[in-house]
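**Student:** For reference, the structure I am asking about is given below.
The values are calculated or read from the model by the stated rules, or taken from the named source; none is laboratory data. As the structure is a computational prediction, the values presented were derived from the model and not from experiment. Note that we place each Cβ from the backbone using ideal geometry, even for glycine, and neighbour counts take in every protein chain shown. In case anyone asks, the SASA skips ligands and DNA or RNA and just uses the protein heavy atoms, side chains included. Shrake-Rupley method; radii C 1.70, N 1.55, O 1.52, S 1.80 Å.
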Amino acid sequence: FALIDINKRLLILGTERSAQKPLKIHRNKDGIFFSSELKSMFPCLDSRSLNPNAVRTFLSIGYSLEPQTILKEVDTAEPGALSIFCYDGEYVRKYWNPKIECSDMIYDLEKWKGVADAVFKKAIKRHLLSDVPITLFLSGGVDSMLISSYLSEEKTIKKAYTGSFVSQEGHDEYDFARQAGSYFGFEVERVRLDNRILSDNLEDFLSTASMPQGDYSGLAAYCMAKEVSKEYRVVLGGDGGDELFGGYPTYTFPYMSKRYSFIPKAAINGLRRFASIWFDKNEYMSAPFKLQQLSLAWGRQTVNAHFALKDFLPDPLASQILNESFFKENFFTDAAVKVFKGYYSDLTFVDDISKLSWVDYNTFLRSATIPKVERNTMLSSLEARLPYLDNEIIALGLRTHSSLKVRGMRTKLCLKSLLQDKIRGKVRLNPVKQGFSPPLAFMFENELKPWKEHWLNFKTPFFKDGFAKSLSKWRGKGWDLHRLEWNICTLSDWCYRNKLT
């Protein structure tokens, strides 16, 4: 929100604690400009210049770390804060900065489930307040199924939607979602997202993007939103559960690296090369890709390893393809890793899992997931509501001891236990952790091959001439680069459309 006191010449910009709604800020000699969309601010800018630090981070992890944006001239408002502008200058007043005391933590699973059940019931009720019918994005995973269990008690949802990657059977969760819908008492509509539909929507997806789209699951979300908006104006989603309750596989790395510390990095590299020859690299989270990212993280300290597991442009490859004159001191990922370390070192948390979750809450969720959901639903006039980011559920997540979230190689223990109490074994969950991601590697060799080759041979200020040859050499050594190539293509496309190349 924005409040303006004309007499005092005072402007206050406010955001909620998870920054679900975007708020961009630009300052120049004429005043303060603010908007929910970056591109709407272009007429206000005296100049438009790329932020080398943000570009470097985007190429590595698929998003720029807020408060930075891809442009030097525009920032993002801090979440859980008031940005105050007056004659004395400007300053930020944080109204939400969680401090968790040991006495507030919940260590016992049964006690946690009792507290969580009451919290979730109230949160779901709040998110159902509407003058129009509401629907649900339903997958085969824990987060959306737990929301479904509470929706079934309210008996207000008539239909849910699930995205079905019919061109990639091993990654299609429709059967899980259909079974869940039958148990919970609502119809599940299958939105067929075959490769042709996805590729046909790519142009609209890119042309309407306010900022570069590094998360390629955004393309699927965009197609889903277009379909759902034909009947509904409000949809519930399950985003946020992974960060708050320990759902990502990366949270098992501290345990794995300690238990198997005797394994040399050379052995993992050898396995990576072997896997790249004998396993299908087109599968989602394929064995070659997992071993590749593991090899980048192995032997590093916890927060450095956490970044490396997400890094698709490691520094040795960056030195071969990036234009040093553009990046200068921003050539490596040091600045991004420093941001990760800042959140990791927050004194609010004491154990690795809680610290890494706090890192992801303030980086991936804030700068990638929420913008992806928000932009790609609102483009179809569809309001996405995320119950896991209800204030009380956020508070519960912060109070939940990490031993209830992650134990060894098992993740999201508390949510899974709560859900099992609801479904009592009568609904089958997808045993594999999956994101809502199209078969990009396969599409890059088929439907999207011309598009990919065009942008990998397009001249931009941030790449060396002929950088595609270096990428080809790394591919020849067994490296899976399709996520990096998506980042390159979408960034180049966005810069070209907005006259920044």
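**Student:** Look at the stretch 149-161 and say how many of its residues are in a strand (DSSP E or B) and either surrounded by fewer than 22 Cβ atoms within 10 Å (Cβ to Cβ) or among the aliphatic types (A, V, I, L, M) (or both). Please lay out each step first, then the result.
**Tutor:** Within the stretch 149-161, the subset in a strand (DSSP E or B) is 159-161.
So of that shortlist, the ones also either surrounded by fewer than 22 Cβ atoms within 10 Å (Cβ to Cβ) or among the aliphatic types (A, V, I, L, M) (or both) come out as 159-160.
Result for the stretch 149-161: 2.
**Student:** Quick one: in the stretch 242-257, of everything that is aromatic (Phe, Trp, Tyr) and part of a helix (DSSP H, G or I), which residue is most open to solvent (accessible area, probe 1.4 Å)?
**Tutor:** Only one residue fits best here, namely TYR255.
**Student:** Among what's in the stretch 1-30 and is assigned to a strand (DSSP E or B) and of a type in the set (Lys, Arg), pick the residue that is least open to solvent (accessible area, probe 1.4 Å).
**Tutor:** Across the stretch 1-30, the extreme among qualifying residues is LYS24.
**Student:** Give the residues of the stretch 370-406 that are of a type in the set (Ser, Thr, Tyr) and surrounded by fewer than 23 Cβ atoms within 10 Å (Cβ to Cβ), sorted by residue number.
**Tutor:** Correct list: SER380, SER381, SER402, SER403.
**Student:** Here's something else I'd like to know. Somewhere in the stretch 277-294, is a residue out of contact with any Phe, Trp or Tyr (no Cβ under 6 Å at 6 or more places or on another chain), closer than 22 Å to SER470 by Cβ, among the hydrophobic types (A, V, I, L, M, F, W, C) and surrounded by 20 or more Cβ atoms within 10 Å (Cβ to Cβ)?
**Tutor:** Yes.
**Student:** Something else about it: Give the residue that is farthest from CYS86 (Cα to Cα), with candidates limited to residues of the stretch 1-13 that are touching a Ser or Thr at 6+ places or on another chain (Cβ under 9 Å) and modelled with pLDDT of 95 or more.
**Tutor:** In the first step, residues of the stretch 1-13 are kept if they are touching a Ser or Thr at 6+ places or on another chain (Cβ under 9 Å); the result is 1, 11-13.
Next, only the ones that are modelled with pLDDT of 95 or more stay: 11-13.
Working: LEU11: 7, ILE12: 9, LEU13: 12 Å.
The residue in question is LEU13.
**Student:** Now, a different point. Out of the residues in the stretch 407-425 that are more than 20 Å from the chain's Cα centre (by Cα) and not in a helix (DSSP H, G or I), state the one that is surrounded by the most Cβ atoms within 10 Å (Cβ to Cβ).
**Tutor:** Looking at the filtered set, the residue picked out is ARG407.
**Student:** Criterion first (out of contact with any His (no Cβ under 8 Å at 6 or more places or on another chain), open to solvent by 20 Å² or more (accessible area, probe 1.4 Å) and not basic (Lys, Arg)) does PHE85 satisfy it? Don't jump to the end; show me each part of the working.
**Tutor:** Working: out of contact with any His (no Cβ under 8 Å at 6 or more places or on another chain): yes; open to solvent by 20 Å² or more (accessible area, probe 1.4 Å): no; not basic (Lys, Arg): yes.
Answer is no for this residue.
**Student:** Restricting to the stretch 162-175, name every residue that is touching a residue at least 40 places away in the same chain (Cβ under 8 Å) and surrounded by fewer than 23 Cβ atoms within 10 Å (Cβ to Cβ).
**Tutor:** First pass over the stretch 162-175, keeping only residues touching a residue at least 40 places away in the same chain (Cβ under 8 Å): 163, 165, 167-168, 170-171, 173.
Listed by number, the residues that qualify are SER167, GLN168, GLY170, HIS171, GLU173.
Table: residues versus (1) within 18 Å of SER276 (Cα to Cα); (2) in contact with an Asp or Glu (Cβ under 6 Å, 6 or more places away or on another chain); (3) not aromatic (Phe, Trp, Tyr).
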position	(1), (2), (3)
THR460	no, no, yes
LEU471	yes, no, yes
TRP479	yes, no, no
ASN487	no, no, yes
ASP493	no, no, yes
LYS499	no, no, yes
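**Student:** When the residues of the stretch 47-62 are narrowed to those that are touching a residue at least 24 places away in the same chain (Cβ under 8 Å) and over 15 Å from ASP334 (Cβ atoms), which ends up surrounded by the fewest Cβ atoms within 10 Å (Cβ to Cβ)?
**Tutor:** First, pick out the residues of the stretch 47-62 that are touching a residue at least 24 places away in the same chain (Cβ under 8 Å): 47-50, 52-53, 55-62.
Still in the running and over 15 Å from ASP334 (Cβ atoms): 47-50, 58, 62.
Values: SER47: 8, ARG48: 16, SER49: 10, LEU50: 19, PHE58: 28, GLY62: 25.
Among those residues, the one meeting the criterion is SER47.
**Student:** Taking the stretch 330-343 as the search range and keeping residues that are in contact with a Phe, Trp or Tyr (Cβ under 8 Å, 6 or more places away or on another chain) and open to solvent by less than 40 Å² (accessible area, probe 1.4 Å), which one is farthest from LEU50 (Cα to Cα)? Lay out the reasoning, then the answer.
**Tutor:** Looking only at the stretch 330-343, we keep the residues that are in contact with a Phe, Trp or Tyr (Cβ under 8 Å, 6 or more places away or on another chain), and these are 333, 336-337, 340, 343.
Filter again for open to solvent by less than 40 Å² (accessible area, probe 1.4 Å), leaving 333, 336-337, 340.
Details: THR333: 17, ALA336: 16, VAL337: 20, PHE340: 22 Å.
Restricting to residues being in contact with a Phe, Trp or Tyr (Cβ under 8 Å, 6 or more places away or on another chain) and open to solvent by less than 40 Å² (accessible area, probe 1.4 Å), the top hit is PHE340.
**Student:** Being under 17 Å from LEU396 (Cα atoms) and among the aromatic types (Phe, Trp, Tyr) is the filter here, so list the residues in the stretch 343-359 that pass it.
**Tutor:** PHE349, TRP358
**Student:** Here's another thing I want to ask about it. Quickly run through the stretch 473-501 and pick out the residues that are assigned to a helix (DSSP H, G or I) and loosely packed, with under 13 Cβ neighbours inside 10 Å.
**Tutor:** Looking only at the stretch 473-501, we keep the residues that are assigned to a helix (DSSP H, G or I), and these are 473-476, 482-497.
The answer is LYS473, GLY476.
**Student:** Does ALA209 satisfy the criteria of being more than 18 Å from GLU169 (Cα to Cα) and not in a loop (DSSP other than H, G, I, E, B)?
**Tutor:** Against the criterion (more than 18 Å from GLU169 (Cα to Cα) and not in a loop (DSSP other than H, G, I, E, B)), ALA209 does not qualify.
**Student:** Return the total of residues in the stretch 185-226 being surrounded by fewer than 23 Cβ atoms within 10 Å (Cβ to Cβ) and farther than 30 Å from MET41 by Cβ.
**Tutor:** Number of matching residues: 14.
**Student:** Would you call GLN301 under 19 Å from LEU59 (Cα atoms) and open to solvent by 40 Å² or more (accessible area, probe 1.4 Å)?
**Tutor:** When the stated conditions are applied, GLN301 does not pass them.
**Student:** Give the residue that is farthest from the chain's Cα centre (by Cα), with candidates limited to residues of the stretch 72-88 that are more than 20 Å from PHE1 (Cα to Cα) and free of Cβ contacts under 8 Å to residues at least 60 places away in the same chain.
**Tutor:** ASP88
**Student:** Here's a follow-up. Please indicate, with yes or no, whether at least one residue in the stretch 102-123 is charged (D, E, K, R), in contact with a strand residue (DSSP E or B) (Cβ under 8 Å, 6 or more places away or on another chain) and either part of a loop (DSSP other than H, G, I, E, B) or open to solvent by 50 Å² or more (accessible area, probe 1.4 Å) (or both).
**Tutor:** Taking the stretch 102-123 as the starting set, the residues that turn out to be charged (D, E, K, R) are 104, 108, 110-111, 113, 117, 121-122.
The next check asks that each one be in contact with a strand residue (DSSP E or B) (Cβ under 8 Å, 6 or more places away or on another chain); those that pass are none.
Among the residues of the stretch 102-123, not one is charged (D, E, K, R), in contact with a strand residue (DSSP E or B) (Cβ under 8 Å, 6 or more places away or on another chain) and either part of a loop (DSSP other than H, G, I, E, B) or open to solvent by 50 Å² or more (accessible area, probe 1.4 Å) (or both), which makes the answer no.
**Student:** Give me the residue from the stretch 426-472 that is β-branched (Val, Ile, Thr) and either surrounded by fewer than 20 Cβ atoms within 10 Å (Cβ to Cβ) or without any contact (Cβ under 8 Å) to a residue 24 or more places away in the chain (or both) and, out of that set, farthest from LEU146 (Cα to Cα).
**Tutor:** So, considering only residues that are β-branched (Val, Ile, Thr) and either surrounded by fewer than 20 Cβ atoms within 10 Å (Cβ to Cβ) or without any contact (Cβ under 8 Å) to a residue 24 or more places away in the chain (or both), the one farthest from LEU146 (Cα to Cα) is THR460.
**Student:** Follow-up. Out of the stretch 426-448, which residues are more than 25 Å from the chain's Cα centre (by Cα) and among the basic types (Lys, Arg)?
**Tutor:** Within the stretch 426-448, LYS426, ARG428 qualify.
**Student:** Might you let me know whether the stretch 258-273 holds any residue that is over 25 Å from VAL55 (Cα atoms), open to solvent by 20 Å² or more (accessible area, probe 1.4 Å), under 23 Å from the mean Cα position of the chain (by Cα) and touching a residue at least 60 places away in the same chain (Cβ under 8 Å)?
**Tutor:** Kept after step one, since they are over 25 Å from VAL55 (Cα atoms), are these residues of the stretch 258-273: 258-273.
Going one step further and asking which of them are open to solvent by 20 Å² or more (accessible area, probe 1.4 Å), we end up with 258-267, 269-271, 273.
Going one step further and asking which of them are under 23 Å from the mean Cα position of the chain (by Cα), we end up with none.
The answer is no; no qualifying residue exists.
**Student:** Step by step: first the residues of the stretch 393-406, then only those that are within 20 Å of the chain's Cα centre (by Cα) and not β-branched (Val, Ile, Thr), then the one that is nearest to TYR255 (Cα to Cα). Which residue is that?
**Tutor:** If we take residues in the stretch 393-406 being within 20 Å of the chain's Cα centre (by Cα) and not β-branched (Val, Ile, Thr), then LYS405 is nearest to TYR255 (Cα to Cα).
**Student:** Let me ask something else about it. From the list SER103, SER139, exactly one residue is among the polar types (S, T, N, Q) and farther than 30 Å from LEU193 by Cα. Which is it?
**Tutor:** SER103
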